[in-house]
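Written below as structure tokens is the structure these notes are about.
Only the coordinates and a few stated rules stand behind these numbers; no lab work does. What you are looking at is a predicted structure, and each value in this text was computed from that prediction instead of being measured. Every residue, glycine as well, gets a Cβ built from its backbone with ideal geometry; the counts of neighbours run over all protein chains shown.
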Amino acid sequence: PDSAAGELRAKLAGKLGVEAAQVFVGNGGDDVLSVLARTFLNEGEEVIVPAPTFSPYAHVSRIMGARVVTSPLREFRIDLEDIRARLTGRTKLIFLCSPNNPTGGIVPGRELVPFLEGLPPRAMVLLDEAYGDFVDDPEFPDAVALAGRFPLIVLRSFSKIYGLAGLRIGYGVGSGELIGYMDRVREPFNVNLLAQAAAAAALDDEGFRRRAIEAVREGRRSLYAAFKRLELAYVESQANFVFVRVGDGDAVFEALMRRGVIVRPGSVFGCPEWIRVTVGLPGEEERFLQELRRVLA
Ligand SMILES: *Cc1c(COP(=O)(O)O)cnc(C)c1O
């Protein structure tokens, strides 16, 4: 494959209004995370990871010998005040997932900017926007613009909005300096040619992107309505999933799976009473709700 992912990189740079050298293309967002950790983390340094959140942040950090400091969510939101209190001279990387997987809340710009302004000298932030396309909250910051001003790398993926998860393609945006270090560490041919071509083509399909966003926003609203009718507590989400409290999350997960419906049990995130449900097509959602009602009964 094209080692530089030249066509895709140029296209992304054009869309985002940055230089091509500010875009790192990875074998899925997971590859961006793993190269990020390999590039910047040394043994004994600290990373801060909210809890619950996407589990690879802690994993890629531990592999590099970094110490993982966790910061509990407050009312299901990433708590930047708590994270700030955990910063030390050894803090190298702070992982922020916005919208957060599995809870779906965003980090608003009015909180993020002062946080970035107060970072200690050697610390940087990975802002994971794998679900950013689905956000309709006007407080969602223009993270790419912030990546030009602060030690910040923004992660995005073609797996969610474009449904290309099986091809493995994602990217990071940051300063040319930070991205340059990551480009020296990655495998030279980390992204296969089919994924590069598919991602470049996907960027041209604005109609598909808009339809997917609309379907997800509509699906979120109808899941909320159904959960209200079932009197189940849920967290309002800016992503393509909803976190909902069902009692015994593992039991509901198992029973749903036996009926052919796969959700994510909250226990893997340390929330055993919850499940995370991804928005599907309307027919799939009906099927899920029908089976959920039976399982809960
Ligand atoms: C899915 C996901 C990613 C990246 O997924 P890839 O398939 O590796 O591109 C990154 N972060 C979060 C929070 C995700 O849910």
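For the stretch 195-297, state which GluC sites (Glu not before Pro) are in a DSSP loop and have at most 15 other beta carbons lying within 10 Å of their beta carbon. Here the GluC sites (Glu not before Pro) that fit, given the DSSP loop and packing criteria, are Glu231, Glu236, Glu273. Angle of helix 206-229 to the longest C-alpha principal axis of the chain, folded into 0 to 90 degrees and rounded to 10: 40°.
Considering only the chain, what is the antiparallel percent among its DSSP beta bridges, to the nearest 5? Percent antiparallel among DSSP bridges in the chain is about 50.
How high is the FRET efficiency between Ser267 and Arg184 when r is their beta carbon distance and R₀ equals 45 Å, given to the nearest 0.05?
The value I calculate is 0.70.
For the chain, the longest principal axis of the C-alpha atoms and the axis of helix 249-258 are separated by about 80°. Summarising the label geometry, the points placed 7 Å from Cα in the beta-carbon direction at Asn192 and Ala4 lie 2.4 nm from one another. A simple rule links phi to the HN-Hα coupling: the Karplus curve 6.51 cos²θ - 1.76 cosθ + 1.60 with θ = phi - 60°, which for the stretch 264-276 gives 9, x, x, 4, 5, 9, x, 10, x, 8, 10, 10, 10 Hz, with x for Gly and Pro.
Would you mind calculating the relative contact order of the stretch 118-203 from Cα pairs under 8 angstrom and at least 6 residues apart, reporting the percent as a whole number? Over the stretch 118-203, the number comes to 25 percent.
When Asp142, Asp250 are ordered from fewest to most other Cβ atoms inside 10 Å of their Cβ, what list results?
Neighbour counts put them in this order, fewest first: Asp142, Asp250.
Roughly how many whole Å is it from the C-alpha centroid of the stretch 145-162 to that of the stretch 189-228? A separation of 16 Å, based on Cα centres. Mean sequence separation of contacting Cα pairs (under 8 Å, at least six apart), scaled by the length of the stretch 74-169, corresponds to a relative contact order of 27 percent. Between Glu284 and Leu230, the distance separating the two model label sites (each 7 Å from Cα on the Cα→Cβ line) works out to 1.7 nm. Out of every Cα-Cα pair that the stretch 23-123 contains, those further apart than 17 angstrom amount to 52 percent. 3J(HN,Hα) along the stretch 104-111, derived from phi through the Karplus expression 6.51 cos²θ - 1.76 cosθ + 1.60 where θ = phi - 60°, amounts to x, x, 9, 9, x, x, 5, 9 Hz, with x in place of Gly and Pro. Under the simplified labelling scheme, the Ala215-Val113 pair shows an inter-label distance of 3.6 nm, with each label point 7 Å from Cα along Cα→Cβ.
Taking 24 Å as the straight-line reach from the Cα of Lys11, the lysines in range (excluding those fewer than 8 positions away in the same chain) are Lys160. Length, then width, then depth: along the principal axes, the Cα atoms of the stretch 36-190 run 40, 38, 28 Å. Expressed as an acute angle from 0 to 90° and rounded to the nearest 10, what is the orientation of the C-alpha long axis of helix 176-185 relative to the principal long axis of the chain? Compared with the principal axis, the helix lies near 80 degrees.
Charge tally around Phe288: other residues with Cβ under 13 Å, Lys/Arg +1 each, Asp/Glu -1 each, net +2.
Considering Cα pairs under 8 angstrom that are at least six residues apart, work out the relative contact order of the chain and quote it in whole percent. List each step's numbers first, then the result.
On the way: 557 pairs, mean separation 55.6, N = 297.
For the chain, the relative contact order is 19 percent.
Seen from every direction in turn and averaged, the convex hull around the alpha carbons of the chain projects onto 15.0 nm².
Mean residue ellipticity at 222 nm, helices only, the chain: -12500 deg cm²/dmol; runs of at least 4 DSSP H residues each add -39,500 (n - 2.57), and the sum is divided by the number of residues.
Quick check: net charge around Ser157, other residues with Cβ under 14 Å of its Cβ, Lys/Arg +1 and Asp/Glu -1? Neighbour charge sum, excluding Ser157 itself: -1.
For the stretch 4-31 versus the stretch 237-258, the spacing of their alpha-carbon centroids is 35 Å.
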